[in-house]
């Protein structure tokens, strides 16, 4: 009976949270206040930027649920794009930017292997990088030549999403990448080549249950990847909602599925966040999203960046982006101010995910206590049983971990919303 009451309260809390997140996204992540970035306005920070994010927007086929900036592959256009991309990287580094790590995402990053290799080699010839992470689809390790990336890529993240053939067929990935058994073989090949391999999984599909999620992750664990990233299918609030929504299951099924994720992976993996897990060797999972207040510079068409309370947006029109780089201009076309409240809410999500809301650290960082910054949010978290008070700090309960996960999915929805608006921004090079 106690479990039933607790579950009812949790569902009420998460339903309310979904409503609040959707409302907040539309208010704080509107691009109505985005302004064109004029030449010469870019100021280079004194310290190295944590991440250089590089976007490769080409795919052979387009997944139904993916909202990232992507277009159908055309080789001539793609080669022109890579040439322009390397020009932007040269410009960025020549202006004095330095980076700790590089993350290459897409799209399909390995769609032109030779161009990708040239791009990574260029970066390493111009500056010192601690780590290069690269996304890939599973089929690359069957049809490509991944050994050529050995020594260039430190961390390979493979988007499997599921080894369940029923889910692979419903999402159109069975025809693209093969059966779950075949994809498991491809992942095994990657693990032999790269120092760190992350397998990206998803749950929350219509046909999934807690037991099928558990079986999916047991199969993932059997491959022994270094890291596993797993979170619910993101439905979003805009145009992508209809496409992804037809694949999504009942949102109230996410709680038992999340518990299945935690309990299954706890056998051999440590939870860094409720959506990222590392094999017990103390190396945290990294991903493409700007987390924990880290600054990020994005290059390439459709890339985002963030510096403090300023958001930067590159052109989503590939021909426009190539023209910009042929004119030796910046690929960043627009900037948008971020409300300090939105930045602090992001920080709250990270603390929730870590499991510890440290009042002193937060006050040193923002000048406010948790209650001064978040009177409504803290009341909500306490009332829903998401956090418990310990001294001056708060610690996240298991229900709170789930709420942090829902906040992260809301963050992904917000990024989807930004991409939809960015596609409609006027071109700046004409």
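Below is a table of values for the structure above.
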read-out	value
Most mobile of 261, 132, 207 in a GNM of the chain (Cα contacts under 10 Å)	207
Förster-model FRET efficiency, 25 Å R0, residue 100 and residue 340, C-beta, rounded to 0.05	0.50
For region 285-393, diffusion coefficient by Stokes-Einstein and Kirkwood Rh (Cα), 25 °C, 0.890 mPa s, µm²/s	152
Choice from 16, 278, 28 with maximal GNM fluctuation in the chain (Cα, 10 Å cutoff)	16
Listed residues 192, 420, 50, most fluctuating in the chain (Gaussian network, C-alpha, under 10 Å)	192
Förster radius 35 Å - calculated FRET efficiency between residue 268 and residue 379 (Cβ-Cβ, nearest 0.05)	0.40
Value at 222 nm in deg cm²/dmol, rounded to 500, when DSSP H runs of n ≥ 4 in the chain each add -39,500 (n - 2.57)	-14000 deg cm²/dmol
Cα coordinate range in region 61-211, projected on the principal axes (Å, largest first)	52, 31, 26
Linear extension gain, residue 83 paired with residue 390, 0.36 nm per residue minus alpha-carbon span	105.0 nm
Förster-model FRET efficiency, 22 Å R0, residue 326 and residue 126, C-beta, rounded to 0.05	0.65
Normalised contact order of the chain, rounded percent, pairs of Cα under 8 Å and 6 or more residues apart	19
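Any read-out appearing in this document is the output of simple, stated calculations on the displayed coordinates, not a laboratory observation. What you see is a predicted model, and the numbers here were worked out from it, not measured in a lab. Glycine also receives a Cβ, built like all others from the backbone with ideal geometry; neighbour counts cover every protein chain displayed.
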